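Asks: Before we start, here is the structure in question, set down as structure tokens.
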Amino acid sequence: MALSSSQTRYLRSLAHDLSPVVLLGNKGATEAVVKELNQALDIHELVKVKLSGGDKDERQAQVDVLTEGTQAQKIHQIGHVVVLFRRNADEPKIALPR
């Protein structure tokens with residue numbers, strides 16, 4: 001599901017006050033982290049993730065692994081923090097604007 005620009009802005013505003021739910025360690029984005037992130041996305045739909053250290057390319061690789069492994073969409077990224085969104089088809093919790 002592709003998000004419109006107004007929906008992306010709305011999700012960014014909701015994510016502003018969130019604390020990171022998933023923190024990546026030295027090993028980066030592992031299968032266990034992807035599994036945990038899947039559970040967090042099922043519960044919350046909108047999740048902040050704090051990436052581990054490294055250069056910009058390494059962080060982008062971590063984001064790619066997380067988005068592909070969870071089928072989530074990247075809403076926003078600043079430095080070491082990325083916001084991911086995945087709609088819960090059974091019980092949607094966030095009402096998106098049109």
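The values are calculated or read from the model by the stated rules, or taken from the named source; none is laboratory data. Because the structure is a prediction, the values reported are computed rather than measured. Cβ placement follows ideal geometry from the backbone for every residue including glycine, while neighbour counts extend to all protein chains displayed.
Asks: Find the residue count for the stretch 49-60, including only residues that are in contact with a strand residue (DSSP E or B) (Cβ under 6 Å, 6 or more places away or on another chain) and buried (at least 16 other Cβ atoms within 10 Å of the Cβ). Reasoning before the result, please.
Replies: First, the residues of the stretch 49-60 that are in contact with a strand residue (DSSP E or B) (Cβ under 6 Å, 6 or more places away or on another chain): 49-50.
So of that shortlist, the ones also buried (at least 16 other Cβ atoms within 10 Å of the Cβ) come out as 49.
Within the stretch 49-60, residues that are in contact with a strand residue (DSSP E or B) (Cβ under 6 Å, 6 or more places away or on another chain) and buried (at least 16 other Cβ atoms within 10 Å of the Cβ) number 1.
Asks: Could you say which residue among Leu46, Leu24, Leu14 is modelled with pLDDT of 95 or more and crowded, with 18+ Cβ neighbours inside 10 Å?
Replies: Working: Leu24 fails: modelled with pLDDT of 95 or more; Leu14 fails: crowded, with 18+ Cβ neighbours inside 10 Å.
Matching residue, one of Leu46, Leu24, Leu14: Leu46.
Asks: Just to verify a result, which residue in the stretch 61-91, among those that are touching a residue at least 40 places away in the same chain (Cβ under 8 Å) and surrounded by fewer than 20 Cβ atoms within 10 Å (Cβ to Cβ), is nearest to Val21 (Cα to Cα)? It would help to see each step written out before you state the result.
Replies: Initially, the stretch 61-91 is screened for residues touching a residue at least 40 places away in the same chain (Cβ under 8 Å), giving 69, 73, 75-76, 81, 83-88.
Adding the requirement that they be surrounded by fewer than 20 Cβ atoms within 10 Å (Cβ to Cβ) leaves 69, 73, 76, 81, 87-88.
Values: Gly69: 17, Gln73: 16, His76: 15, Val81: 11, Arg87: 17, Asn88: 17 Å.
For the stretch 61-91, the residue satisfying everything is Val81.
Asks: Tell me which residues, restricted to the stretch 27-38, are more than 16 Å from Lys74 (Cβ to Cβ) and surrounded by 13 or more Cβ atoms within 10 Å (Cβ to Cβ).
Replies: Within the stretch 27-38, the first condition is being more than 16 Å from Lys74 (Cβ to Cβ), and the residues that meet it are 27-28, 30-32, 35-36.
Residues satisfying the conditions are Gly28, Thr30, Glu36.
Asks: Restricting to the stretch 80-98, and then to whatever is closer than 17 Å to Leu3 by Cα and either among the hydroxyl-bearing types (Ser, Thr, Tyr) or in a strand (DSSP E or B) (or both), can you tell me which residue is nearest to the chain's Cα centre (by Cα)? Give the steps one after another, and end with the answer.
Replies: Looking only at the stretch 80-98, we keep the residues that are closer than 17 Å to Leu3 by Cα, and these are 82-89, 92-98.
This time we only want the ones that are either among the hydroxyl-bearing types (Ser, Thr, Tyr) or in a strand (DSSP E or B) (or both), so: 82-85.
On the way: Val82: 6, Val83: 4, Leu84: 2, Phe85: 5 Å.
Among residues in the stretch 80-98 that are closer than 17 Å to Leu3 by Cα and either among the hydroxyl-bearing types (Ser, Thr, Tyr) or in a strand (DSSP E or B) (or both), the one nearest to the chain's Cα centre (by Cα) is Leu84.
Asks: Take the stretch 54-79 and flag every residue that is assigned to a loop (DSSP other than H, G, I, E, B) and under 13 Å from Ala29 (Cβ atoms). Walk me through how you get there before you give the answer.
Replies: Keep residues of the stretch 54-79 that are assigned to a loop (DSSP other than H, G, I, E, B), which gives 54-55, 71-72, 79.
Gly54, Ala72, listed by residue number.
Asks: Another question, if that's okay. Going by the conditions given, is Thr70 modelled with pLDDT of 95 or more, among the hydroxyl-bearing types (Ser, Thr, Tyr) and within 12 Å of Leu84 (Cβ to Cβ)? Walk me through it before giving the result.
Replies: Values: modelled with pLDDT of 95 or more: yes; among the hydroxyl-bearing types (Ser, Thr, Tyr): yes; within 12 Å of Leu84 (Cβ to Cβ): yes.
So Thr70 fits the description; yes.
Asks: If you check every pair at least six apart or on different chains, which have Cβ atoms under 8 Å apart with a residue in the stretch 12-25 that is at negative phi first and a residue that is assigned to a helix (DSSP H, G or I) second?
Replies: Partner pairs satisfying both residue conditions: Val21/Ala40; Val21/His44; Val22/Val33; Val22/Glu36; Val22/Leu37; Val22/Ala40; Leu24/Val33; Leu24/Gln62.
Asks: Exactly one condition in (1) over 22 Å from Asn88 (Cβ atoms); (2) of a type outside the set (Gly, Ala, Ser); (3) part of a helix (DSSP H, G or I) is not met by Arg9; state its number.
Replies: (1)
Asks: Is the stretch 64-77 home to any residue that is farther than 21 Å from Ser4 by Cβ and more than 12 Å from the chain's Cα centre (by Cα)?
Replies: no
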